[in-house]
Every structure is written in structure tokens, then in C-alpha cells.
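In what follows, a single structure is set out as C-alpha cells and then discussed.
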Amino acid sequence: MSEFERITLIGIGLIGSSIARDIRAKGVAREIVVCTRSPETLRRAEELGLGDRYTTSAEDAVRGADMVIASVPVGASGAVAEQIAPNLKKGAILTDVGSTKASVISQMTPFVPEGVHFIPGHPIAGTEKSGPDAGFAGLFKGRWCILTPSEDADPDAVARLTRFWQALGSRVDTMAPDHHDRVLAIVSHLPHIIAYNIVGTADDLETVTQSEVIQYSASGFRDFTRLAASDPTMWRDVCLHNRDAILEMLARFSEDLAYLQRAIRWGEGDKLFELFSRTRDIRRSIVEAGQDVEAADFGRHALDDKS
Ligand code: NAP
């Protein structure tokens, strides 16, 4: 039996459409209502058969839903909450998938009506692609989903949302929003910023031509370009909405980079070797934790298939 009668998805890009595909595949809800702001994306979602009903009106979309999932850029969370608030059903769960949590909570909470369970969430799964075509069933399988409920959140609603993500194959953890933002700043936000920066630097170099950058990219650069191809709107919003944690991690990063720079300048091979050995162990731990496989893909598989 379906756990939910009606789930409304606000936003049907990479994450929203992957959720839609999984809800359907796992039979988690009897009815899926798809809502997105542009008629073009809505049409595409309909062509892909992602839902049972389709609308560009967020106000209408949430009527009668027992769960509403907002999968929009974090900077749009407040506006979405304001639009849907008057029509949210009493007892419904309102959640999101945004990559930052404290900011989403401060944007959405003021609009959440009495009797609606607002439980913010963040599935730690994704790719550098966006839009409804980019989503796929199974994206969340074996991945963590972090929930950041308030201290007075209804335990039954939290348990229900936990079961939802588990039905999609996720492992679920809960933590405080500020803690989430600091953890994600180091494991996700900083790596993307570094990638954007290094690819930007290569693009700006006058002594190395564009064609050389592309031709010889296999020597490390290519792996950064995958991250640096991520959606500009999403990542602009992440930077603006997790500013403090990102700046804190960037300051730490700059200090450590100065240490590395100094070791290189003074030929301190032992220091370099010690650091590079420590980081190699982290890679091993990630593989052991099942968060990657030994032969990481980095998009090469598709390349091999073409050749
Ligand atoms: P996406 O593929 O670009 O899809 C974005 C969706 O949000 C589209 O339906 C789009 O509608 C809608 N949208 C864009 N701007 C909006 C606005 N100002 N107001 C209302 N709707 C708007 O994005 P995504 O990758 O699914 O990301 C969605 C959320 O998931 C973000 O908060 C992101 O931080 C989070 N997240 C992303 C990843 C990842 O790897 N991508 C992983 C975990 C969490 P139209 O197309 O109709 O304009």
C-alpha cells in the first residue's frame, strides 16, 4: 500500500525528477503532482511522464497533498513557501532538498502555517547535470539524506519522512542545520568553488592556449571540469546562502595552501609526502564506506563507450 496519497513536487529538475521517477518505481504515493514555473519544463516533464497531474501554479499544486517537496534553487525557497502556504493541508509534511539548510529554514519558516510539519532535508546525491531529462531512478540509492528537523518537530512526521527516503534507498541521518552547513561546506561547497576557480584560472592564462588546456586535460584538469560544469544558478545560490561556513572553510583552506606552498618553495619533501599519504588514506576510507568504488568513473566510462 502507498504510504502517501498525494505527493506534490515543486521543481522538477535533476533532483525533483529523480524523486518523481523513484516514487513511481517504488509505489510510494498514489498520485504525483508536478509543478514547475516554466511551461517549457512542465511540457518536458509531461512528455517524460513524471507525474499524474501537471501545473505551473504552485498554489494549486499543493492543494490536498499530504507531502510537498520543494526542489528549487535555495534562493527561491522563501518565495515558494510564501506562494504555497495558504493552500497547504493541515497535517501535511513540507520538505525540501536544498544544499544549504540554515538559510532555507529562515526563508521558509515564517510562511509555514500552524499544523503543517516543516522538515528540511538534503539528499547527498547528484550530478553536474540539471533539468528533468538529467534525473534518473536510483539516484538516491545507498546515498545519505540529511534531515534537519527543529527540536519541537513532530516525531511521527520525521519518522514518515525518514521512511520515504529509505524507500528511495537512502540512508537517513538527522543533524542541526548549522552543523549540516559546515559539513557540506567542506565536503561539497569548497570542492566546487576550487573547481570553478582552477578552471577559471586556466581559462585566464595567457601563456597556455585554450586548445592546449583542452588537449592535455587528462592530466588532472579534466576531473575539475566536471565539477565546474555544475549549474551556475544552483551554485551561485549555495555560495550566497552558506556564506559564513564557506568563508570559514576557505580561510582554513588558504592557510593550508600557504603551508603547501612553503613546503614546495623550500623543498620540504617529507612534509609533502606526509600530506599526500594522509589524503590517500581518506580516499581509501571513502571507498571502504561504500561512497565510491575503487575505479571511480569521473565520466570516463561514457568516453570509453564512445571510443
Ligand atoms: P535543476 O535541475 O536546475 O532544477 C531546478 C528546478 O527549480 C526547475 O524545475 C526550475 O524550474 C525550478 N526553479 C528554478 N529557479 C526557480 C525559481 N526562482 N523559482 C521557482 N522555481 C525555480 O536543479 P536541481 O539540481 O534539481 O537542484 C534543485 C535543488 O536541489 C537545489 O536547491 C539544490 O541545491 C539541491 N540539490 C542539488 C543537487 C545536485 O547535485 N544538483 C544535489 C542535492 C541537492 P523551471 O525549469 O521551470 O524554470
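The values are calculated or read from the model by the stated rules, or taken from the named source; none is laboratory data. All figures in this text were calculated on a predicted structure; none of them were measured in a lab. All Cβ positions, even for glycine, are placed from backbone atoms using ideal geometry, and neighbour counts span all protein chains on display. What goes into the accessible areas is simple: the full protein's heavy atoms, side chains included, and nothing from ligands, DNA or RNA. Shrake-Rupley method; radii C 1.70, N 1.55, O 1.52, S 1.80 Å.
A few notes on this one:
- DSSP assigns beta bridges within the chain; of those with both partners inside it, close to 10 percent run antiparallel.
- The relative contact order of the chain comes to 15 percent, based on Cα pairs under 8 Å that sit 6 or more residues apart.
- Three-way shape label, segment 17-92, alpha-carbon gyration tensor, a/c 1.5: oblate
- Other-chain or far-sequence residues with amide H under 5 Å of LYS101's (modelled H): ASP181
- Whole-Hz ³J(HN,Hα) from phi, Karplus 6.51 cos²θ - 1.76 cosθ + 1.60, for segment 115-121, glycine and proline x: x, 9, 8, 8, 10, x, x
- Total lysine pairs under 27 Å (Cα atoms) in the chain, excluding pairs fewer than 8 apart on one chain: 11
- Dipole magnitude of the chain, debye to nearest 20 (Cβ charges: Lys/Arg +1, Asp/Glu -1, about Cα centre): 500 debye
- Among GLN83, GLN107, GLN261: highest mean-square fluctuation, GNM of the chain, C-alpha pairs under 10 Å: GLN261
- Surface composition of segment 1-71: carbon plus sulfur atoms hold 43% of the accessible area, using a 1.4 angstrom probe and ignoring ligands, DNA and RNA.
- Taking a ≥ b ≥ c as the square roots of the eigenvalues of the Cα gyration tensor, segment 248-292 is oblate, since a/c reaches 1.5 or more and a/b is not larger than b/c.
- Per residue, the average separation of C-alpha pairs within less than 8 Å and at least 6 apart gives segment 101-187 a relative contact order of 33 percent.
- Prolate/oblate/rounded call for the chain, Cα gyration tensor, a/c under 1.5 rounded: prolate
- Candidates GLU114, GLU59, GLU274: whichever shows maximal mean-square fluctuation once the chain is modelled as a Gaussian network with Cα springs under 10 Å: GLU274
- Normalised per residue, the accessible area of the chain is 55 Å², obtained with a 1.4 Å probe and no contribution from ligands, DNA or RNA.
- For segment 142-297, taking Cα atoms only, Rg and Dmax work out to 19.4, 61 Å respectively.
- The share of accessible area on segment 136-277 that comes from carbon and sulfur is 58 percent, using a 1.4 angstrom probe.
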